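What follows is a short report on a single structure.
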Amino acid sequence: MITMKTLAAAGLMMTALWAQAAPTAVPDTAQVKAAHDLLVAMQAEKMVRTTAGMSKYPSPAQRELMMAKLDKLPNETVYTRLALPVARLLSTATAVEMTRYYQSSYGQKVLTQTYNGPPRLYPADPVPTAKEKAELKQPAFVKANQEFKAVEQAIHHEAFVLIGEINKGK
C-alpha cells in the first residue's frame, strides 16, 4: 500500500516537473531560424544517417532501401524538417551560441571526429588549443553547452522520428 502511494506521488512530481520544464508550444520564426542554422552547423544530415545506420531493420534489404532514401533526400530537407522540433527543445540564445561553437575551428574538429573518426567505445573530444580552451570557458558557451547536453538525446530522438516519417513516405 505504501509503495503504491509512493509511486503515485513520484508520478505526480514527475508530471509537475515535466509541465514546468516543457518548452514553448509554438516557437517564433527567429527561434526556428536559429535551430535551422544550428542543424546546418552541426551537419544534422550526418546525424540522421548515423541514426538510421544504428537502427534495427527486419532485413538487410530494408536497411539498404532506407539508406537509398536518405541518399536521395536533400540536406536542406533534413534541416527544415528538424528545425521546428529542435526549436521547441532549445532557446534561441542556446541555438545561436552552439551554432557559433560548431562553426569554430574546435567545433569543426569535434564534428570531424564524431562523423569521420574511427569507431570508439567512449566518445573522446580532440585536445583544444589554448585559444580554444579560453573560448570553451566563456560563460555564455558553458550555459549553452549545458542546455544543449540536456536535450541532446531528445534531438537524436527527433532524428529517429524523422527517419520513421521518411521511411513511411511522409
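The values are calculated or read from the model by the stated rules, or taken from the named source; none is laboratory data. In this text, all values refer to a predicted model and were calculated from it rather than measured experimentally. All Cβ positions, glycine included, derive from the backbone under ideal geometry; neighbour counts span all protein chains shown. Side chains included, ligands, DNA and RNA excluded: accessible areas come from the protein's heavy atoms. Shrake-Rupley method; radii C 1.70, N 1.55, O 1.52, S 1.80 Å.
Among the residues of the range 132-143, the one identified as open to solvent by 70 Å² or more (accessible area, probe 1.4 Å) and touching a Ser or Thr at 6+ places or on another chain (Cβ under 9 Å) is 143.
Taking residues in the range 37-49 that are farther than 12 Å from residue 86 by Cα and free of Cβ contacts under 8 Å to residues at least 60 places away in the same chain, and partners anywhere that are crowded, with 20+ Cβ neighbours inside 10 Å and aliphatic (A, V, I, L, M), the pairs with Cβ atoms closer than 8 Å and at least 6 places apart or on different chains are 45/78. Every condition in (1) free of Cβ contacts under 8 Å to residues at least 40 places away in the same chain; (2) touching a Pro at 6+ places or on another chain (Cβ under 8 Å); (3) open to solvent by 30 Å² or more (accessible area, probe 1.4 Å) is met by residue 116 except one, and the failing one is (2).
Scanning the range 60-109 for residues that are among the hydrophobic types (A, V, I, L, M, F, W, C), under 27 Å from residue 26 (Cα atoms) and surrounded by 17 or more Cβ atoms within 10 Å (Cβ to Cβ) yields 78, 82, 83, 86, 87, 89, 90, 95, 96, 98.
Where helices (runs of 4 or more DSSP H) fall wholly inside the range 58-170, the ranges with 3 or more residues that are under 27 Å from residue 32 (Cβ atoms) are 60-72, 75-89, 92-103, 105-116, 139-168.
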